Ligand code: SF4
Ligand code: SF4
């Protein structure tokens, strides 16, 4: 009961913040995306992180200092990613620091490529101990882009599929000690279109939820613009991809909020209309990487580096800097309309609830009141004799 009341309260505050407060205010972020390290033990065809020259990543002391920024007092959820986040030698001490210094933290989610089975088992076990002690919900997402040899081919690692299976097995054993969710994440690109049904069947058979992420191309973070021509969907793929978007875009029940995103992708890819899915990175989420760079979102350029300042609130200074806010407005008008990122949109759709209700009623995304009135007028004109 306590849990349900907490979620309802969260929803009401979220709806109020997204629809009213955000109109004239910059919301303090409640979610953080943390690139814990750029080290990576994979060789994925869609990403260049593994090719990056190693750079000096932030020390524990630097993390400790950053966490003194009052900005972290509002954070409730942290998504940890990499590189392969679990390869960071400071992974567990940093998580301890986060838990100790962020009073409202109630959810930690981590992404892993699933290759270093024993390391994953050990580190996840330590994380579970921390989470259990501090009443924090934990979840892990393991990457799986294809079945058998296909995964090996896409990730460039011998025996990749079997390594992932072994890690999932270990994680399932850990689930018996402390309940947490395991999700499998698959990148949608030219090479994985043939794997869609196989991955869905695998998910059903193994009773592990699976989600897709459409490949994006950026000159920041994954730095993969040079890969675009090799992995972007081909014309032959389009039909299959649209079919998938359409299927995922049909709400299975009233709680299937993520269907809004997929229906939106269907319209975006089929009719080249702008994205209408709200994004938390425009409201109350931001990212920091292991080098101290702060980003409004990882698809776009950073807004500064916390190591460049002696301020006691380096993250807040960057986040609320009017010049950076102007850049965020630029992202909103120039980059978001064509962005296919699904990163954490579920909450944003729930808070901007009118869009999802519109989808439930009409089966189409919401493009704003003036657009839909214009459409209605056209229908009426056509219907008149
Ligand atoms: S996609 Fe992830 S696992 Fe693959 S190379 Fe990039 S950071 Fe590493
Ligand atoms: S560019 Fe994409 S990820 Fe970044 S804020 Fe816009 S929609 Fe969100």
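The values are calculated or read from the model by the stated rules, or taken from the named source; none is laboratory data. Given the structure is predicted, the values throughout are model-derived calculations rather than measurements. Glycine also receives a Cβ, built like all others from the backbone with ideal geometry; neighbour counts cover every protein chain displayed.
Here is how the numbers come out for the structure above:
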{"quantity": "Only listed residue being under 21 Å from the mean Cα position of the chain (by Cα) and more than 21 Å from residue 286 (Cβ to Cβ), chosen from 108, 142, 94", "calculated": "142"}
{"quantity": "Yes/no for residue 190 being in contact with a helix residue (DSSP H, G or I) (Cβ under 8 Å, 6 or more places away or on another chain) and surrounded by 14 or more Cβ atoms within 10 Å (Cβ to Cβ)", "calculated": "yes"}
{"quantity": "Residues within region 196-225 that are away from ligand 1 (no atom under 16 Å from the Cβ) and outside any strand (DSSP E or B), tallied", "calculated": "14"}
{"quantity": "Which numbered condition residue 54 misses (of (1) farther than 30 Å from residue 144 by Cα; (2) surrounded by fewer than 16 Cβ atoms within 10 Å (Cβ to Cβ); (3) at pLDDT below 95)", "calculated": "(1)"}
{"quantity": "Some residue of region 172-183 being crowded, with 18+ Cβ neighbours inside 10 Å and within 16 Å of ligand 1 (Cβ to nearest atom)", "calculated": "no"}
{"quantity": "Considering residues of region 251-269 that are without any contact (Cβ under 8 Å) to a residue 40 or more places away in the chain and part of a loop (DSSP other than H, G, I, E, B) only, the residue surrounded by the fewest Cβ atoms within 10 Å (Cβ to Cβ)", "calculated": "253"}
{"quantity": "Extreme residue, farthest from ligand 2 (Cβ to nearest atom), among residues of region 21-41 that are part of a loop (DSSP other than H, G, I, E, B) and surrounded by fewer than 21 Cβ atoms within 10 Å (Cβ to Cβ)", "calculated": "41"}
{"quantity": "First in region 283-303 and without any contact (Cβ under 8 Å) to a residue 24 or more places away in the chain, second anywhere and more than 16 Å from ligand 1 (Cβ to nearest atom) and in a strand (DSSP E or B), Cβ under 9 Å, 6 or more apart", "calculated": "293/302; 293/303; 293/304; 293/305"}
{"quantity": "Any hit, region 58-73, residues being crowded, with 19+ Cβ neighbours inside 10 Å, within 14 Å of ligand 1 (Cβ to nearest atom), in contact (Cβ under 8 Å) with a residue 12 or more places away in the chain and under 19 Å from residue 221 (Cα atoms)", "calculated": "no"}
{"quantity": "Per-region count, region 100-121, residues outside any helix (DSSP H, G or I) and closer than 23 Å to residue 159 by Cα", "calculated": "7"}
{"quantity": "Only one of 304, 368, 292, 363 that is crowded, with 20+ Cβ neighbours inside 10 Å and at positive phi", "calculated": "292"}
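Yes or no, residue by residue, for (1) closer than 18 Å to residue 28 by Cα; (2) away from ligand 1 (no atom under 16 Å from the Cβ):
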{"site": "300", "(1), (2)": "no, yes"}
{"site": "306", "(1), (2)": "yes, yes"}
{"site": "310", "(1), (2)": "no, yes"}
{"site": "316", "(1), (2)": "yes, yes"}
{"site": "322", "(1), (2)": "yes, yes"}
{"site": "330", "(1), (2)": "no, yes"}
{"site": "343", "(1), (2)": "no, no"}
{"site": "349", "(1), (2)": "no, yes"}
